[in-house]
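The values are calculated or read from the model by the stated rules, or taken from the named source; none is laboratory data. Keep in mind it's a predicted model, so treat the numbers as computed, not measured. Cβ sites come from the backbone with ideal geometry, for glycine too, and all protein chains shown count toward neighbours.
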Amino acid sequence: MIKLGYARVSTQEQNLDLQLDALKKEGCKQVFTDKVSGVKATKPNFEKLMEYARPGDTIVIWKLDRLGRSTIKLIELIEELKNKGVNLKSLSESIDTSTATGNLFFQFMCVLAEHERNIIRERTKAGLESARARGRSGGRPEGLSERYRKIAPEVKEIYEKNNRSTDEIREMFKIKSQPTLYKILKYAGVDIKGFLKKRV
């Protein structure tokens, strides 16, 4: 059973020294570091740390936000560590999941995470209902690629000038089919009923 440190800063310019000094003082036998934004899904050396840690080990961090910005993601991570039998200790917040107080904190965090999930669900539901009330369906049209979404405003502009056929528009923007053009125009906010009156 050993202490393993983890330190992270968001950019190459930021300095790890403060965190490294604190982890060394805590007695960490090995320290893993990343220089990557907290919102990034992948933190290469943290993933290596997760593979290296063994049951009974404790991962030590300087502050909880070193693991990421989302409460939900943090809870999922702590649950993963708990399932592996690995403890988590945060020096700034004086949290240690190997203690009774640390476990109580973890349970409280689970309540907060569920609250955050509920808020996200409610906001999403409200947004979809608002869109439907205005005659729009939620989400992007099925199967519409990022490239097509980017060119949608230009396609709409050319289409609304009404001086080119749909075949010419498809040729100009390398759109593979008429149904795809339909989806692009719909995404751009074109009146689809008007579109269905095929032009030549």
Might you check whether a residue that is under 24 Å from the mean Cα position of the chain (by Cα) and of a type in the set (S, T, N, Q) occurs anywhere in the range 48-64? no
Check whether at least one residue in the range 71-78 is exposed (fewer than 12 other Cβ atoms within 10 Å of the Cβ) and either over 19 Å from the mean Cα position of the chain (by Cα) or in contact (Cβ under 8 Å) with a residue 12 or more places away in the chain (or both), and report yes or no. no
Filter pass, S90 being among the small types (G, A, S), over 24 Å from I119 (Cβ atoms) and within 24 Å of the chain's Cα centre (by Cα): yes
Only one of I75, I95 is within 15 Å of E26 (Cα to Cα) and hydrophobic (A, V, I, L, M, F, W, C), namely I95
Report whether or not L49 is surrounded by 18 or more Cβ atoms within 10 Å (Cβ to Cβ), assigned by TED's automatic domain parsing to the domain that holds L16 and modelled with pLDDT under 90. no
Do we find that K35 is more than 30 Å from I119 (Cα to Cα), in contact (Cβ under 8 Å) with a residue 40 or more places away in the chain and of a type in the set (D, E, K, R) in this structure? no
